[in-house]
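First the structure, in the form of structure tokens, and then the observations on it.
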Protein chains: 2
Amino acid sequence: MTEIEPLRIGVCGVGTVGLATINILQNQSSLVAARCGREVRVTHVGARRDHPDHNYGDAKVSRDVMDVARDPDVDVVVELIGGTTVAHEVMKIAIEHGKHVVTANKALIAEHGNQLIALAEASGVQLCFEAAVAGGIPVIKSVREALAGNAVSEVAGIINGTANFILTEMSNKGRAFEEVLLEAQALGYAEADPTFDVDGTDAAHKLVILASLAFGAPLSIDAPAKQGIQALTPEDLDYAKTLGYRVKHLGIARRAGGRIEMRVHPTLIPEDKQLAGIDGVLNAIMVKADAVGELLLVGPGAGGSATASSVCADIIDIARDHGVTGYPLGIPAGDLTPLPVIPWEEISSEWYLRLRVTDRPGVMSDITQKLASRGISIESLVQKASKEGDTDVPIVILIHAVPASLMNDAMKAVVALDEVQSDVALIRVESFD
Amino acid sequence: MTEIEPLRIGVCGVGTVGLATINILQNQSSLVAARCGREVRVTHVGARRDHPDHNYGDAKVSRDVMDVARDPDVDVVVELIGGTTVAHEVMKIAIEHGKHVVTANKALIAEHGNQLIALAEASGVQLCFEAAVAGGIPVIKSVREALAGNAVSEVAGIINGTANFILTEMSNKGRAFEEVLLEAQALGYAEADPTFDVDGTDAAHKLVILASLAFGAPLSIDAPAKQGIQALTPEDLDYAKTLGYRVKHLGIARRAGGRIEMRVHPTLIPEDKQLAGIDGVLNAIMVKADAVGELLLVGPGAGGSATASSVCADIIDIARDHGVTGYPLGIPAGDLTPLPVIPWEEISSEWYLRLRVTDRPGVMSDITQKLASRGISIESLVQKASKEGDTDVPIVILIHAVPASLMNDAMKAVVALDEVQSDVALIRVESFD
């Protein structure tokens, strides 16, 4: 349609995202060409093994993905392998060979992004990773471009669909964690090794990327404090609901003075907040910024086709020479200053504390005294009826904002009481007011 | 910070959005400069009258906005006057003088966008209007850039904050339309003349713009069928709630075969759908597209600072030469083909029908017979208790999907019955499944 040369794409990795990306570029080729003002053509596919059912069109196929990264007939290398070893090598080689790079790999960007972005800047190529955070939701473009005139103060969201699916099932149907995890694996939501989904690692990777863009700081892989969802019980989700809250696994990055909070953990959210209503495998990210106020972006956080939508948006940006490399718009990696991170212990919030106590006169007074003597005040306290045949009763306490250090200290003192069992739940509460 | 010349901005109109834009560019000048790789400087302000409390920095001030549009020392003209007369002239003159243009003016783009975009293309300048739809929500960037690899099938949303505020108050507090409208005016949500907010004109303008971007068709100002919120009563909002629905004023643009539905009207939405929970002055836009599935973007649809956030994003895009002119990415205005619009009468949906009838044996059978004889089937029927002293009883009927033509015909036949009063409410239901 024009004299401009086609943009030649090399795709490394043909799992669900890789195949969906190839399909979009092939099936929507005229739409993509019209929007780019040039043809976008998949010329080389790197796949470790044969996939007789895949259709790569006219593309050359190599077993060694490094052949794609080095191919002089490839302009853009799309890394959809996953992991941080081969994928890292592919990205480095591709950049060193002067190719633009696109990836959906959150672990890779969170761990090695600083190096890769500096490398891309030095090589004058574009490095894009919209698909690395929240799959099909254009949160990176929104934070980086649409909010470019804003100072962002907070990013918080549900950024792991597997964990959200599990919590939703546990909360709505009273099912146990292990049982729902098995179903999530059967449905293809969770990986064969679901560790990173349930222990918060995957969400932490995404939060690291979001925080870097939002606050204009280098990627800081070790910054987030991290709690997973493994220890949550349907019982606690149910108590939270009774109190007017939902429990969501959130990533939160928040400016506080010259420092930032970064944390990933189960969180009680008031049920009338929009984040509280995001169920199933959906992702949702809330952004607070000085000019715009508050934005919420909701959509599919995973899935081959949704993630490929973001990969293709990056490719189209590159085809139009609108790709953004790395950090906040226009600021070279070397010019960014790390922001000090507030330790978990110092971060203040309200708390949900669930105890199990022997129902004996004076026990409540003992517990509240332990809290009061540390200056911790109680917002509400509910003594639940004990289950049949159970000699212990659950007590649920909502506690006004105090730092984790103080809360942990008080909890230890409470658990040391004879009447209090060691089975406790302590969960942060965020009202987002 | 670089050898690149500053980008010189001329702002026409210093209402809340104009002033907020100037404030952001002044107060965040180093942030904006870093992100653009060049300084962005407000050099000329067009204001019809004196505002002693405004601070325009070093900018020249002119009474005649055309002086800004013609100023050789201005690179980008930002039109924030509103209306379609002077604003239209300012845009034309600015483009003809080779300036990039940014506007928040939905009426202007919906009515004269085809002409202005063609003019901008011919002049090789960028024309941006992110702020024209849904204020601070980056919906235009999302549809145009983030979904560039998608075929969009539907855009639906709450795109008038004033109407949503009024409906929320009516629904939650049982207040009457006129009373809430007065409050909305006092709060500054509604214009002195609120006609366009309540009769659907403003929402129709925004829908025209969204549909053009989503479906790659020219702007079609006359396409949307339009109903406002003036005729809604707290009583009907309450019945809807009892049935598990919320009533929202929606703009809906949907592909159906080779044609599109375009309509703006009060709509019953199942209460578990996210759009049903968007309350107050918030805006929310749902986009369905083939690759990504479904996205929802929520945020402030109006307000000086939020709207200025989008205006500044456009300015920053232009400063980086990433601005997009007009329609779907890269496709010249002249290459677009209008999509035929499905007339309102042909558009099928479920319906909410509220009647008021004299409570006499056989009346229900007469009504249902009128519906059944036209092949209209009833999903549910609720006879409400009559209010004290009222001889009539309300009847609420949910009707399975039929076209408006058939529904109107049936309704006329029903109202012609002796026992049925002329006070009826007929509202479309959308399940968004």
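Here the condition is being out of contact with any Lys or Arg (no Cβ under 6 Å at 6 or more places or on another chain), assigned by TED's automatic domain parsing to the domain that holds B:VAL143 and polar (S, T, N, Q); of B:THR242, B:THR267, it holds for B:THR242 alone. Any residue at all in region A:324-333 that is without any contact (Cβ under 8 Å) to a residue 40 or more places away in the chain, closer than 25 Å to A:PHE165 by Cα and within 7 Å of chain B (Cβ to nearest Cβ)? No, region A:324-333 has no match at all.
No other residue among B:GLN126, B:GLN185, B:GLN115 is over 20 Å from the mean Cα position of the chain (by Cα) and free of Cβ contacts under 8 Å to residues at least 24 places away in the same chain apart from B:GLN115.
Against the list (1) farther than 26 Å from B:VAL45 by Cα; (2) open to solvent by 20 Å² or more (accessible area, probe 1.4 Å); (3) touching a residue at least 60 places away in the same chain (Cβ under 8 Å), the condition B:GLU169 fails is (3).
Taken together, B:ALA192, B:ALA223, B:ALA231, B:ALA214 contain a single residue that is within 30 Å of B:LEU355 (Cβ to Cβ) and either outside the structural domain of B:ASN164 (by TED's automatic domain parsing) or of a type in the set (A, V, I, L, M) (or both), which is B:ALA231. One residue alone among B:GLU345, B:GLU350 is surrounded by fewer than 24 Cβ atoms within 10 Å (Cβ to Cβ), touching a helix residue (DSSP H, G or I) at 6+ places or on another chain (Cβ under 6 Å) and modelled with pLDDT of 95 or more, and that residue is B:GLU345.
Scanning region A:96-116 for residues that are among the β-branched types (Val, Ile, Thr) and touching a strand residue (DSSP E or B) at 6+ places or on another chain (Cβ under 6 Å) yields A:VAL101, A:VAL102, A:THR103.
Among the candidates B:ILE347, B:ILE260, B:ILE342, the residue that is touching a Lys or Arg at 6+ places or on another chain (Cβ under 6 Å) and more than 14 Å from chain A (Cβ to nearest Cβ) is uniquely B:ILE342.
Each residue in region A:280-309 was checked for being open to solvent by 40 Å² or more (accessible area, probe 1.4 Å), at pLDDT 95 or above and within 22 Å of A:LYS173 (Cβ to Cβ), and 1 of them qualify.
In region A:108-130 there is at least one residue that is within 14 Å of chain B (Cβ to nearest Cβ), in contact with a His (Cβ under 9 Å, 6 or more places away or on another chain) and open to solvent by 10 Å² or more (accessible area, probe 1.4 Å). Across region A:375-433, the number of residues qualifying as among the basic types (Lys, Arg), closer than 19 Å to A:PRO343 by Cβ and open to solvent by 10 Å² or more (accessible area, probe 1.4 Å) comes to 1.
The sole residue among A:THR368, A:THR307 that is over 17 Å from A:GLY157 (Cβ atoms) and polar (S, T, N, Q) is A:THR368. Within region A:117-137, the set of residues being closer than 24 Å to A:ALA306 by Cα and touching a strand residue (DSSP E or B) at 6+ places or on another chain (Cβ under 7 Å) comprises A:GLN126, A:LEU127, A:CYS128, A:PHE129, A:ALA132, A:ALA134, A:GLY135, A:GLY136, A:ILE137.
Scanning region B:290-301 for residues that are facing chain A (nearest Cβ under 7 Å) and within 21 Å of the chain's Cα centre (by Cα), we see that the one that is farthest from A:LYS273 (Cα to Cα) is B:GLU294.
One residue stands out among those in region B:150-160 that are in contact with a strand residue (DSSP E or B) (Cβ under 6 Å, 6 or more places away or on another chain) and more than 7 Å from every other protein chain (Cβ to nearest Cβ): the one that is most open to solvent (accessible area, probe 1.4 Å), which is B:SER153.
Note on region B:1-41: residues that are touching a Gly at 6+ places or on another chain (Cβ under 9 Å), open to solvent by less than 70 Å² (accessible area, probe 1.4 Å) and more than 13 Å from every other protein chain (Cβ to nearest Cβ) amount to 7. Number of residues in region B:371-393 that are under 18 Å from B:VAL357 (Cα atoms) and at pLDDT 95 or above: the value is 2. The one condition from (1) under 25 Å from B:ALA291 (Cβ atoms); (2) among the aliphatic types (A, V, I, L, M); (3) surrounded by fewer than 24 Cβ atoms within 10 Å (Cβ to Cβ) that B:ILE137 does not meet is (3).
Of all the criteria given as (1) among the aliphatic types (A, V, I, L, M); (2) open to solvent by less than 10 Å² (accessible area, probe 1.4 Å); (3) free of Cβ contacts under 8 Å to residues at least 12 places away in the same chain, the one not satisfied by B:LEU147 is (3). Remark: pairs (first residue in region B:264-279, under 25 Å from B:PHE196 (Cβ atoms); second residue among the polar types (S, T, N, Q) and buried (at least 18 other Cβ atoms within 10 Å of the Cβ); Cβ separation under 8 Å; 6+ apart in sequence or on different chains) = B:VAL264/B:GLN227; B:HIS265/B:GLN227; B:PRO266/B:GLN227; B:ILE278/B:ASN164; B:ASP279/B:ASN164; B:ASP279/B:THR168. When residues in region A:192-237 are screened for being among the acidic types (Asp, Glu) and free of Cβ contacts under 8 Å to residues at least 12 places away in the same chain, 2 of them pass. If you go through region B:204-261 and keep only what is of a type outside the set (A, V, I, L, M), part of a strand (DSSP E or B) and surrounded by 21 or more Cβ atoms within 10 Å (Cβ to Cβ), you end up with B:TYR245, B:ARG246, B:LYS248, B:HIS249, B:GLY251, B:ARG254, B:GLU261.
In this structure, B:LYS370 does satisfy being surrounded by 15 or more Cβ atoms within 10 Å (Cβ to Cβ), charged (D, E, K, R) and away from chain A (no Cβ under 14 Å). Among the residues of region B:302-323, those identified as of a type outside the set (D, E, K, R), at the interface with chain A (Cβ under 8 Å from one of its Cβ atoms) and not in a helix (DSSP H, G or I) are B:GLY303, B:HIS322.
The values are calculated or read from the model by the stated rules, or taken from the named source; none is laboratory data. Worth saying up front: this structure is predicted, and the values here are computed from it rather than measured. Don't worry about glycine lacking a Cβ; one is built from the backbone with ideal geometry, like all the others, and counts go over all protein chains shown. SASA here: full protein model, heavy atoms, side chains in, ligands and nucleic acids out. Shrake-Rupley method; radii C 1.70, N 1.55, O 1.52, S 1.80 Å.
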